[in-house]
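S.K.: One structure, pasted below without further comment.
None of the figures in this text is laboratory data; all of them are computed from the coordinates on show. All figures in this text were calculated on a predicted structure; none of them were measured in a lab. Using ideal geometry, Cβ is built from the backbone for each residue, glycine included, and neighbour counts are taken over all protein chains shown.
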Amino acid sequence: MAASFVSSLTAPLISAVLGGAIALVFLAGYLRRKRAAIAHIPPSATAAAPDQPKHVRPSNQAQHKKGHPRPHHNAADKDAAKKHHHLDVNTLRGHTDSVTALHFSNDGANLSTVCADGAVRVFRIDDTSSKSFKILRINLPAGAHPTGVAFSEGSSSVVVAAQALLGSSLYMYADVSAPPTAQNKQQGKLSPPEIKWSHQKIHGKESVLNLAAAQATHGPGDGSTIIISCSEGLLFPAKVTYPRLSAATDIKVWHGKSGKELGTVDTNQLKNNMADISPNGRFIAAAAFTADVKVWEIVYSKDSSVKEVNKAMQLKGHKSAVTCLCFAPNSEQIITASKDGSIRVWNINGAWPEPRGTMHLQVIIQSKHYNHP
C-alpha cells in the first residue's frame, strides 16, 4: 500500500518540477530583454526624466506643451564650448571644401584663399571682430583649378596660379578691393574683377606649387611687386645610357603689374617642395628634395628693372630634405625646416664674400622636434 502511495505522488511531483524549470527559463529570458532595453536608453535622457518608467522611451516627452521641441545640449557641445581658445578672434566662413593656400595683403586688410572647390576668395577683414565679412568669389576660366595665390600692387590685385589639362597658367585679377556696386552692397559681396593679364603653360605641364610676392625695395628697386612661381617638376632620367634629367624644376620671376617674365632659375633638384622671396625682393630660396638650400640674388639695374638672377649661396647643414622655408621680415635671415626634425635659422646679411659661391652660413638657432606621447 505504501508503494502505491509513493508512486501516485511521483508523477505530479515530476510535473511540478518540470513546470517550474520552464517558468524559470522564460523568466530569465524576459529579464535579459528588460536589461538590454534599459541599457540602450541614453544616460542624459534617463537623468532628464527620473520619475519616468524605464520601459517608456523618453523621446515621447521631448516636446513642450505647445508642441515646440526642447533645446538639446549634449556633452559634445559643452566640450566644444570649453575648448574655445581665448586667442581665437573669429572664423571666416564660406569655403565648401579644404583650403589649400592663402595670402595676406601687405596692409593686412585683405586675405585671399584658394579652395579645393575651384574658387578663389578675397575676404575684406578691416574689423577682425566683425560677425560678417565682405567676400569676393573669383571663378577661374573653365577647366582651370587654382593652386596658388598672391596679392599684387598692395591689395588691389591678386595673381592666381592654376592648373589645367594643358599645363599651368597665371591670371592677374585687378580691382579686387574695389567698392561694391549697389546690388552687391546689399548682398554683402564685392564687385567681380576682370583679368588684366594671363600667361599659359608657364611651367609646361608641371603644376605650380606656390606663389610668393614681395616689393622690390632693395638697391635701385622702385617698390613694384615681384612675384615668383615655383613648379613641382618631378624629374626622371631622359635616357638610361645618359643620366640627364629631362624635366625642369624651375622658378620663374614675374612683374606683378605688367605680367612680364623677368627671369628663370632652375633648382636642378629631383623635386621642389616650395620657394620664397625675401620681403625686400632681393633673394629667392628654394626648399627641395635634397638637404641643401639654394639661394639666388635678383640684381636690379639703375632704371629699377631686373637685370639678372644669379646664384648667391648654398646652405648646407640639414641631414634630410628641406620641406619648407621663409625669410625674416628684415630679409636678413632664412628659417628652414627639414625632415631631420630640425629648424635652422641662417644669417645671410653680408655673410657671403665675392665671388658669390657655395658656402655654409652660420646656424644661429637649431631646435629638435620630438613626438610626445
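S.K.: Quickly rank 249-260, 122-133 as a protection proxy: mean count of other C-beta atoms within 10 Å, highest first.
M.R.: Numbers: 249-260: 20.3, 122-133: 13.8.
Taking the mean over residues of other Cβ atoms within 10 Å, the ranking is 249-260, 122-133.
S.K.: Peptides 134-142, 309-317: what's the order by average Cβ count within 10 Å, highest mean first? Write down the numbers at each step before the final one.
M.R.: Working: 134-142: 15.8, 309-317: 17.8.
Ranking the peptides 134-142, 309-317 by packing returns 309-317, 134-142.
S.K.: Provide the per-residue ³J(HN,Hα) series for segment 333-345, in order, calculated from phi with Karplus coefficients 6.51, -1.76, 1.60 and θ = phi - 60°, each as a whole number of Hz, with x at glycine and proline positions.
M.R.: Per-residue couplings from phi come out as 9, 10, 9, 10, 10, 10, 5, 6, x, 10, 10, 10, 10 Hz.
S.K.: Quick one: if you stick a label point 7 Å off each Cα along the C-beta vector at Asn347 and His86, how many nm between them?
M.R.: Output for this residue pair reads 3.7 nm.
S.K.: List the residues, sorted by chain then number, that are 5 or more residues from Ile138 or on another chain and whose placed amide H is less than 5 Å from its amide H.
M.R.: Result for Ile138 returns Val120, Arg121, Val122.
S.K.: Collect residues whose amide H, placed 1.01 Å from N in the peptide plane, falls under 5 Å from the amide H of Leu209; neighbours closer than 5 in sequence don't count.
M.R.: Cys230, Ser231, Glu232
S.K.: Something else about it: Given the Cα-Cα distance of His95 and Asp340 and 0.36 nm per residue of separation, how much length would full extension add, in nm?
M.R.: Values: separation 245, 0.36 × 245 = 88.20 nm, distance 3.44 nm.
Once the chain is fully extended between His95 and Asp340, it gains 84.8 nm.
S.K.: I've got another one for you. Ranked highest first by average number of other Cβ atoms within 10 Å, how do 164-174, 296-306 line up?
M.R.: Numbers: 164-174: 19.4, 296-306: 16.5.
By packing density, highest mean first, the sequence is 164-174, 296-306.
S.K.: Sticking with this structure for a sec: Work out, step by step, the length gained on full extension between Val299 and Ala16: first 0.36 nm times the residue separation, then minus their alpha carbon distance; give nm to one decimal. Each step should come with its number before you reach the end.
M.R.: Working: separation 283, 0.36 × 283 = 101.88 nm, distance 10.80 nm.
Gain on extension, Val299 to Ala16, equals 91.1 nm.
S.K.: Right, something else. Would you mind checking Lys252/Lys339; Lys205/Lys294; Lys131/Lys196; Lys131/Lys252 for any pair whose Cα atoms are more than 31 angstrom apart? Before the final figure, lay out the partial values.
M.R.: On the way: Lys252/Lys339 26 Å; Lys205/Lys294 24 Å; Lys131/Lys196 33 Å; Lys131/Lys252 40 Å.
In this structure, Lys131/Lys196; Lys131/Lys252 lie more than 31 Å apart at Cα.
S.K.: Return the long-range amide H neighbours of Asn280 (sequence gap of 5 or more, or a different chain), with a cut-off of under 5 Å between placed amide H atoms.
M.R.: When sequence neighbours closer than 5 places are left aside, there are no close amide H contacts.
S.K.: Hey, rough spin-label estimate for Glu308 and Arg33, points 7 angstrom out along Cα→Cβ, what's it come to in nanometres?
M.R.: Once both label points are built, they end up 9.2 nm from each other.
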